[in-house]
Amino acid sequence: MVPRRLLSAPCVLEVERKFRALAVRELTQHGGDPHFQSLRKLPPKRIRDTYYDRTNILSSAGAWVRRRNGGWEAKIRKGGDFTNSRFEELTNPRDIAAYVQSVTGAADAAASAGCNFGLAATADFCTRRETWIADGEFRIVLDAMDFGHEVGEVELQLVLAGVGDEEPGEARKQEAAAAMDERVEAFMKRYAWAFAPGEPKGKLTAYFEKFNTGRQA
């Protein structure tokens, strides 16, 4: 009897491209040419984010650890830059603890989430988020932070499964993320009428500039 292969824990990849603001007063399916194949608006959400780091070690490594509405998340950059980014996302506290320890080398990083993985809070703010699902899979979000900044993103997610006890390899992750980034870029070019021109500024960059609390990579 051939043994059945077991799937490992899936890897969640996310690609996002920021935009400064919407170029239209109200985003609708037929608001420009060409129009969206489909567009569905989700209910607005209020998000509370607290970001954590240790003397900028994580941000310098291209990683962000945050507590969002009570749940822990880590985003590990797999390519791109501040505007066009590719990430692997972690939501299991054990995985986050292991990653933090591997980057900081601190023994207390493996502590429970209740100890904040040995990290200190660096930013805390609330966001009002508007979200649309375009063409069935592209997520358009517009965030307005409580410190007076606004920025948007077009996001695409992919769940990449491994086989056996092996997670997807790094080369496979990079290949998948690069293909996703190309699709997001093509989407934004096709619907350029929806996105205002100009250089977007990320929420953390804007936060640290406003409150002068240090630099965030």
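Packing-wise, with mean Cβ within 10 Å as the measure, how do 60-71, 14-25 rank, highest first?
Details: 60-71: 16.0, 14-25: 17.8.
Result, highest mean first: 14-25, 60-71.
Normalized C-alpha radius of gyration of the stretch 60-130, against 2.2 N^0.38 Å? Mind dumping the intermediate values first?
Numbers: Rg = 12.7 Å, N = 71, 2.2 N^0.38 = 11.1 Å.
Scaled against compact globular proteins, the figure is 1.14.
Of the peptides 28-41, 136-149, how do they stack up when ordered by the mean number of other Cβ atoms within 10 Å, highest first? Intermediate values should be presented prior to the final figure.
Numbers: 28-41: 13.4, 136-149: 15.9.
Top of the packing list down: 136-149, 28-41.
Among all lysine pairs in the stretch 11-211 that are eight or more places apart or on different chains, how many have alpha carbons less than 17 angstrom apart?
Lysine pairs meeting the criterion: 10.
Consider just the alpha-carbon atoms of the chain and return their Rg together with their Dmax, both in angstrom.
When restricted to Cα atoms, the chain yields Rg and Dmax of 18.5, 64 Å.
Considering only the other residues whose Cβ falls under 13 Å of the Cβ of residue 189, what net charge follows from Lys and Arg at +1 and Asp and Glu at -1?
Details: positive: 17, 183, 190; negative: 181, 182, 185.
Summing Lys/Arg as +1 and Asp/Glu as -1 gives 0.
Karplus couplings for the stretch 147-161 from phi (6.51 cos²θ - 1.76 cosθ + 1.60, θ = phi - 60°), rounded to Hz, Gly and Pro as x?
Those phi angles translate into 9, x, 10, 9, 7, x, 9, 10, 10, 9, 10, 9, 9, 9, 9 Hz.
Would you mind calculating the relative contact order of the chain from Cα pairs under 8 angstrom and at least 6 residues apart, reporting the percent as a whole number?
Details: 442 pairs, mean separation 72.6, N = 217.
Across the chain, relative contact order equals 33 percent.
Hey, what number do you get for the chain at 222 nm if only DSSP H runs of n ≥ 4 count, each worth -39500 (n - 2.57), divided across all residues, to the nearest 500?
Details: 4 runs with 46 residues, N = 217.
Result for the chain: -6500 deg cm²/dmol, rounded to the nearest 500.
Quick note: the coordinates plus some simple rules give every number you see, no bench work behind them. Everything numeric here is computed off the predicted structure, so don't read it as measured data. In this analysis, Cβ positions are derived from the backbone assuming ideal geometry, glycine residues included, and neighbour counts consider all displayed protein chains.
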